[in-house]
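A.B. asks: Here it is, the structure in full.
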Amino acid sequence: MGELDGKVAVVTGAGRGLGRSHALELARLGARVVVNDLGVAADGNGRDESAGQAVVDEIKSLGGEAVAHFGDVADWDASKAMITTAVETFGDFNILVSNAGFCRDKMIFSMEEADFDSVLRVHLKGHFCGIRHASQYLRNKGKAEGQVYGRILSTASEAAFFADPGQPNYSAAKAGIIAITNGAAQALAKYGVTANTFMPRARTAMTLVGQTAQFFEKPDEGFDTFDPDNVSPLVGWLASPAAAKVSGNVFIVWGKQIAIMEYPRHAGDFDSPDAWNHESVGAALGGFFESKEPVKDSFIVPSVF
């Protein structure tokens, strides 16, 4: 008996990389899986359904149950069809793991409108559509039955914290994903549904492009720190009954480490006896910032590697 026996999961972007690892882990734990994958390249171009079907075949070869879905996660109707496929094929829906996405990196002063729109669409709208349709199903079931089994798991990135200057589209999308997911956590708590965000550091088609590629290369020997399989045990645990009281959290996971993040901390208060004016604002805040370095002391600066 697996911890997820009888449960039904939808995993987006499950044809390769992290999504494939998540789908296999959930199947190993007993879940029946809808493998969603549009089959696009790391930059969002092209289409190939063979990868998603291969994961379905792999799950079946291991004794599990799975079905493919090739819809666009950011398309309203196609996203809804993912949930409908789960219910019509397996009789229920319980777990959503949103993972699909691609990158089109450029500095803010070089980025084209299409680069921004496309990345926001696949990541942020793609998460929104999936969570929206999943939450509607779980809420309706919860209203009829009281408590239900529901898990919403979203994929963000530390780019949401670091505000990577070469990824203004991706960073904005990933920050938005945290907000949407935590909103869902609050909205669905009364029904027993949890929602959490995780930030993986892993070797994928996206991380092997550009300046980050050197950090994620597979080692010749020893422990493979950035193997996507290192991330999926957290996903499986968050999807399990053991995590019933875990909701509204943000995790960073990589290698042999899991970190739990908190909201930005309060830095200080400044009050005025009278209405603020130019001089009083300067008098109050000038001293606070006098010894600080611009940017470096203002927010989290990457020191990951």
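A.B. asks: Distances longer than 38 Å among the Cα atoms of the chain: what percent of all pairs is that?
C.D. replies: Details: 8174 of 46360 pairs.
Summing the P(r) tail past 38 Å for the chain gives 18 percent.
A.B. asks: Assuming 0.36 nm per residue, please report the length gained on full extension of the stretch V87 to F289 beyond their Cα-Cα distance. Kindly include the intermediate steps, with their values, before the conclusion.
C.D. replies: Numbers: separation 202, 0.36 × 202 = 72.72 nm, distance 5.56 nm.
Value of the extension gain: 67.2 nm.
A.B. asks: Let me ask something else. Per DSSP H run of n ≥ 4, the term is -39500 (n - 2.57); total these for the chain, divide by its residue number, and report the mean residue ellipticity at 222 nm rounded to 500 deg cm²/dmol. Before the final figure, lay out the partial values.
C.D. replies: Details: 9 runs with 112 residues, N = 305.
Helices in the chain give a 222 nm mean residue ellipticity of -11500 deg cm²/dmol.
A.B. asks: Using packing as a proxy for protection, rank 191-199, 275-283 so that the peptide with the highest average count of other Cβ atoms within 10 Å comes first.
C.D. replies: Values: 191-199: 23.0, 275-283: 10.0.
So the order, starting with the most tightly packed, is 191-199, 275-283.
A.B. asks: May I pose another question? Under a point-charge model restricted to the Cβ atoms of Lys and Arg (+1) and Asp and Glu (-1), what is the dipole moment magnitude of the chain relative to its Cα centre, in debye to the nearest 20?
C.D. replies: Numbers: 27 positive and 37 negative charges, 194 e Å.
Once rounded to the nearest 20, the dipole reads 940 debye.
A.B. asks: Most mobile of D269, D57, D75 per a Gaussian network model of the chain (Cα springs, under 10 Å)?
C.D. replies: Highest fluctuation of the listed residues: D269.
A.B. asks: Nearest 10 degrees, 0 to 90: what angle lies between the long axis of helix 50-61 and the longest principal axis of the chain (Cα atoms)?
C.D. replies: Here the helix axis deviates by roughly 60 degrees.
A.B. asks: Here's a follow-up. Return the subset of K143/K256; K7/K245; K125/K296 for which the Cα-Cα distance in this structure is over 29 Å, preserving the input order.
C.D. replies: Working: K143/K256 40 Å; K7/K245 18 Å; K125/K296 31 Å.
Correct reply: K143/K256; K125/K296.
A.B. asks: So what's the gap between the Cα centers of the range 145-174 and the range 236-305, to the nearest angstrom?
C.D. replies: The range 145-174 and the range 236-305 have Cα centres spaced 16 Å from each other.
A.B. asks: Of all DSSP beta bridges located in the chain, what percent are antiparallel, nearest 5? Working shown, then result.
C.D. replies: Details: 5 of 30 bridges.
Roughly 15 percent of the DSSP beta bridges within the chain come out antiparallel.
A.B. asks: Projecting each Cα onto the charge dipole of the chain (Lys/Arg +1, Asp/Glu -1 at the beta carbon, about the Cα centre), which of V10, A31, H123 comes out farthest on the positive side?
C.D. replies: A31
A.B. asks: Highest mean first, what order results for 117-125, 259-267 on Cβ atoms within 10 Å?
C.D. replies: So the peptides 117-125, 259-267, ranked by packing, come out 117-125, 259-267.
Laboratory data are not the source of any read-out in this text; all were calculated from the coordinates shown. These figures come from a predicted structure and were not determined experimentally. Quick reminder, even Gly has a Cβ in these numbers, built from the backbone with ideal geometry, and neighbours come from all protein chains shown.
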